[in-house]
Amino acid sequence: MADLVQALESEVLEQLAAKKDVPRLRPGDIVRVHLRIVEGNKERVQVFQGTIIAIKGRGVNRMITVRRIASHGVGVERIFPVYSPRVEKIEVVRHSKVRRAKLYYLRDLTGKKARLRQRFISEDKE
């Protein structure tokens, strides 16, 4: 039974990956998530830019938690299902060097202390 579910999930993931170009996401990356929002009969795209502080799930169920500092120093976190039809695209703005899988410690830091060191990646490796 588990093999059947796993086979079905991998097949669905291949179909979604063919439609959607999802970049390689890692904790510490600064990303721009383009989210499609429906208001009545109108539809618009809202951009949420922030740092990935957590990645949960595998395959089709993969979700990322993105944190940014809004006005007046208030932190805002949103959880996005990566393969959701509402998520139009995800673009990586910058890679950061981190040594943890979950960056929840950033919640307690403000200002310059919350900065992460930039990581330079050559494009031919990925």
Go through region 56-70 and report how many residues are at pLDDT below 90 and within 10 Å of the chain's Cα centre (by Cα). 0
Does region 40-63 contain at least one residue that is under 21 Å from ARG119 (Cβ atoms), among the polar types (S, T, N, Q), touching a residue at least 24 places away in the same chain (Cβ under 8 Å) and out of contact with any Pro (no Cβ under 8 Å at 6 or more places or on another chain)? yes
When you scan region 71-126, how many residues do you find that are part of a helix (DSSP H, G or I), in contact with a strand residue (DSSP E or B) (Cβ under 8 Å, 6 or more places away or on another chain) and at pLDDT below 90? 3
Residues of region 2-12 being modelled with pLDDT of 75 or more and of a type in the set (A, V, I, L, M, F, W, C), in sequence order, are LEU4, VAL5, ALA7, LEU8, VAL12
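The values are calculated or read from the model by the stated rules, or taken from the named source; none is laboratory data. What you see is a predicted model; the values in this text were computed from it and never measured. Ideal geometry is used to build each Cβ from the backbone, glycine not excepted, and the neighbour counts take in all protein chains shown.
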